[in-house]
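Beneath this line is the structure, given in structure tokens, with notes to follow.
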């Protein structure tokens, strides 16, 4: 039976709401009908950063409803792009935006589902992570199950998503949910984007990695930072802005400046790109097996300086972009949560216990009725 679904994702990069209009059929078969990004402006992005750094109850409550409004904007826009009306939707699946995540202890995503249900008159599935945490799991990453089900291809494969945080999924051949390995490797675009925002006024991203390409890497700083305990910790593991956030980016800049008093903002960026590429590649080197390709999605896939460095560091593996094989890689996580919502409606598990460390497979999400 065909269903029309909107998947919503607001990632740790805090650049906007990703909305994917998806047609789903038993199989499973997934077709991306339309994709839209509702960008955050500086005031909205500041509210998100503030909630993570100092948010009290009143601030978080306001933000919870404000974000629902931003998500509503995204749903309305993607429906227009896809030529669909709200009454044609079967449900909305919303990841929300993570404002706090302590792996294995607690997790909090904002974007009130009731507001979406009220506006569009359909059921909304949200809060996917909390059930896994309640079952003793990390609550992340959740997309690996989708990777195994939808994007495995033939032969061993590694899928790498470089959002705010980078995460990998190693898929064996034949694809197997029980033996797939996945975890967060550490920073994705968080450090890079923070340095751009704070060092290059009026800019929010390093388009195509051009700024970093003109800088010099502080290899001593990179090696020192790679000594952090998170990088050595075995999976299951996940992380977020709570650790690799603005303060971490500033400490990286300070460390480079200590070694090189004349260091420029371009050098800070070059060093952050190298740290990101090395932390990903060092983790890939720990995986068993012989993957035939590495498929990259997320905002980092648009940064050619980072992608080229990953190609050099992983020369034994063919590096591909997700866009080349499937659809717009920026839409991947929104599509993934549409699929996870689809599993929820079928009372099927949406987590991989071997990845998150939970006590067992669980049906994820809370359902807010139409």
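Any read-out appearing in this document is the output of simple, stated calculations on the displayed coordinates, not a laboratory observation. Being a predicted model, the structure only gives us computed values, none of them experimental. In this analysis, Cβ positions are derived from the backbone assuming ideal geometry, glycine residues included, and neighbour counts consider all displayed protein chains.
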statement: Under the 7 Å Cα-to-Cβ spin-label approximation, residue 359 and residue 105 lie apart by a distance in nanometres of 2.1
- prompt: Between residue 87 and residue 60, what is the spin-label point distance in nm, taking each point 7 Å from the Cα along the Cα→C-beta axis?
  reply: 4.0
message: How big is region 152-325 along each principal axis, measuring the range of its Cα positions in Å and listing the largest first?
response: 52, 33, 26
query: Add -39500 (n - 2.57) for each DSSP H run of 4 or more in the chain, then divide by its residues: what number comes out at 222 nm, to the nearest 500 deg cm²/dmol?
result: -12000 deg cm²/dmol
- line: The answer for the per residue Cα convex hull volume of the chain, in Å³, is 126
- prompt: Most exposed first by the Cβ proxy, i.e. fewest other Cβ within 10 Å, how do 230, 35 rank?
  reply: 230, 35
- prompt: Each label point is 7 Å from the Cα along the Cα-to-Cβ direction; what then is the distance between the points at residue 247 and residue 154, in nm?
  reply: 5.1
message: From Cα pairs below 8 angstrom and at least 6 apart in sequence, can you work out the relative contact order of the chain, rounded to a whole percent?
response: 22
statement: Length-normalised contact order of region 275-370, Cα under 8 Å, at least 6 apart, in percent, tallies to 20
message: So if each residue of separation counts as 0.36 nm, and I subtract the Cα-Cα distance between residue 199 and residue 328, what length gain in nm does that give?
response: 43.5 nm
- prompt: So if R0 is 30 Å, what FRET efficiency would residue 304 and residue 73 give, r being the distance between their Cβ atoms, rounded to the nearest 0.05?
  reply: 0.45
query: residue 2 to residue 366: FRET efficiency via 1/(1 + (r/R0)^6), r the Cβ-Cβ distance, R0 25 Å, to the nearest 0.05?
result: 0.50
field: Protection proxy ranking of 112-125, 55-68 - average other beta-carbon atoms within 10 Å, highest first
entry: 112-125, 55-68
- line: With 0.36 nm assigned to each residue of separation and the Cα-Cα distance removed, residue 216 to residue 134 gains 25.0 nm
- line: Taking 0.36 nm per residue of separation between residue 259 and residue 312 and subtracting their Cα-Cα distance, the length gained on full extension comes to 16.5 nm
- line: DSSP beta bridges in region 152-325: the antiparallel percent, rounded to 5, is 55
